[in-house]
Amino acid sequence: MDKQRLASYLTEKLGEPVRIASLSQAFPGLSRETWLVRINRGSGSAARDDGVVVRADPPGGSFVPVPLFYEWQVYVHVARTPVPVAKPLWFDAAPEITGGRPLFVRQLVEGTSLLPGLSDDTNEAAERRARIAIEHAEKLAVLHRIDWKSYGFDSFMDVPASAQDAPRSELMRWWHVWEEVRTAPFPIVTEALHWFEDNLPKRAAHVSLCKGQNGIGEEIWRDDKIVAFSDWELANIGDPCQDFALSQGMLKLWDRNKVIAHYEQAAGFRLPEENIAFYLVWNAFKSMLALNHGLRFFISGEYRRLARATLGYGKVKVYEHLLGTILDMDLAQAADFIVQGQPNPYHNKKVAGG
C-alpha cells in the first residue's frame with residue numbers, strides 16, 4: 001500500500017486533507033489484507049489525529065470463500081446493536097488504489113488483538129487468564145442474545161428454519177461450497193462429510209447471530225476488555241456452540257466448565273456438550289476447505305504467495321488425515337482426538353493456575 005496514494009484516496013473520501021502518520025499491515029494477513037492507518041485530518045486549528053483500518057481482498061481473493069461485501073454488511077448491521085464493533089465508514093467495490101480489488105474502511109479502535117503475558121508462571125497471570133475467559137464469555141453472551149431479525153441480519157444471511165434445522169443447515173451450506181471450490185476429488189473428505197451428517201446435533205442450543213472465528217487474535221482488547229469484535233467474514237445465524245468451538249483455544253484459557261457455566265448464566269440457555277464436540281471436529285473440515293480454496297489462486301497464477309501453496313497443499317493434507325482418522329470414531333472420541341492434537345496456546349500444567 002503506497003502512503004501517498006492512500007493519503008490522496010482518504011482525502012477524497014473524507015472530504016478534507018489527510019496526512020498519514022503511520023501505516024502498518026496486520027500480521028499475517030493471509031486471508032485478507034488489513035492495514036492500520038494513523039492519520040492527521042483537517043486543516044489549521046481544526047486538524048486532528050484519527051485512525052482508520054483498510055481491509056481489502058488480496059490478489060485472487062480471500063482464503064475463505066465469502067465476499068468482502070458480506071463482511072461489510074455484517075459490520076454495518078452489528079454497529080446498530082449493543083455488540084462492541086468498530087464504526088464502518090464505507091465500502092468500495094473496485095477502487096484504483098488496490099487495482100480494482102474491493103475494500104472497506106472502518107474506524108480504528110485503540111487497543112490490541114494480542115495479550116502478552118498470559119502464559120506467565122505467576123498467580124497474577126492465572127487470575128488474568130480467568131478474568132479474560134469470563135470477559136470473552138460475557139461478550140459472546142451479548143452477541144448470541146441479540147434479536148438478529150429486528151436488526152435485519154436475515155436480509156442477507158441464510159436463516160435455518162428452526163433450532164432443529166440449524167446444524168443441518170450449517171452442514172449443507174458448507175458441503176455445497178466445498179463441492180464448488182475444492183481443487184481435487186478428496187474422497188476421504190466426502191466420507192467425512194457423511195460422518196458429520198450421521199453425527200449432527202439434534203438441535204442448536206439457540207438460534208443466534210454467531211461470529212465465527214473469534215477469541216484472542218481476532219478481537220480488539222483494551223485493559224483486558226473486548227472493546228471491538230473484528231473479522232466477521234464467518235458470521236452466520238446458527239448454533240452459538242460454534243463460537244466456543246472456534247475460539248482460538250479460549251476454553252483452554254481457564255477452567256472449561258466454569259467458563260461455560262458462566263456463559264450459560266449470562267446467555268440464559270444451555271450449551272450441550274455434544275454440540276460443542278461436533279463443532280470442534282467440524283472446524284477441521286472448514287479450516288481445510290478455506291486453505292484448499294486459497295490454493296486455487298496460487299494454481300491459477302493470480303496470487304503466487306508461497307504461503308498459499310504451503311498451506312493449500314501441506315496443511316490441507318494434515319486436515320485430510322485428521323478427517324480420515326475420525327471415520328471409525330464416535331463423536332466424543334473424535335472431539336477428544338481433535339482437542340488432544342491442539343496445543344494449549346496460553347499455558348501448560350507447569351503454569352500457575354493451569
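The values are calculated or read from the model by the stated rules, or taken from the named source; none is laboratory data. As the structure is a computational prediction, the values presented were derived from the model and not from experiment. Neighbour counts are summed over all protein chains in view; Cβ atoms, including those assigned to glycine, are modelled from backbone coordinates with ideal geometry. Calculation scope for accessible area: heavy atoms of the full protein, side chains included, ligands and nucleic acids excluded. Shrake-Rupley method; radii C 1.70, N 1.55, O 1.52, S 1.80 Å.
Looking only at residues of the range 153-178 that are in contact with a helix residue (DSSP H, G or I) (Cβ under 9 Å, 6 or more places away or on another chain) and among the charged types (D, E, K, R), we find that the one that is farthest from Lys202 (Cα to Cα) is Asp158. Of the residues making up the range 295-317, none is open to solvent by less than 40 Å² (accessible area, probe 1.4 Å) and under 18 Å from the mean Cα position of the chain (by Cα). No other residue among Ser113, Ser119 is within 22 Å of Glu218 (Cβ to Cβ), touching a Gly at 6+ places or on another chain (Cβ under 7 Å), polar (S, T, N, Q) and touching a residue at least 24 places away in the same chain (Cβ under 8 Å) apart from Ser113. Run Leu118 past the list (1) touching a Lys or Arg at 6+ places or on another chain (Cβ under 9 Å); (2) at pLDDT 95 or above; (3) open to solvent by less than 20 Å² (accessible area, probe 1.4 Å) and report the number of the one that doesn't hold. For Leu118, the failing item is (2).
All of Trp232, Trp282 fail the test of being open to solvent by less than 10 Å² (accessible area, probe 1.4 Å), part of a loop (DSSP other than H, G, I, E, B) and of a type outside the set (Gly, Ala, Ser), apart from Trp232. Taken over the range 138-167, the residue count meeting the criterion of being surrounded by 16 or more Cβ atoms within 10 Å (Cβ to Cβ) and outside any loop (DSSP other than H, G, I, E, B) is 11.
Inspect the range 208-219 for any residue being over 15 Å from the mean Cα position of the chain (by Cα), at pLDDT 95 or above and surrounded by fewer than 20 Cβ atoms within 10 Å (Cβ to Cβ) and give the result as yes or no. No, because not a single residue in the range 208-219 is over 15 Å from the mean Cα position of the chain (by Cα), at pLDDT 95 or above and surrounded by fewer than 20 Cβ atoms within 10 Å (Cβ to Cβ).
A single entry from Lys202, Lys258, Lys225, Lys252 fulfils the requirement of being among the basic types (Lys, Arg), at pLDDT below 95 and open to solvent by 40 Å² or more (accessible area, probe 1.4 Å): Lys252. Within the range 324-354, the set of residues being aliphatic (A, V, I, L, M), part of a loop (DSSP other than H, G, I, E, B) and at pLDDT 95 or above comprises Met329 only.
Among the conditions (1) in contact (Cβ under 8 Å) with a residue 40 or more places away in the chain; (2) surrounded by 14 or more Cβ atoms within 10 Å (Cβ to Cβ); (3) more than 21 Å from the chain's Cα centre (by Cα), the only one that Val53 does not satisfy is (3).
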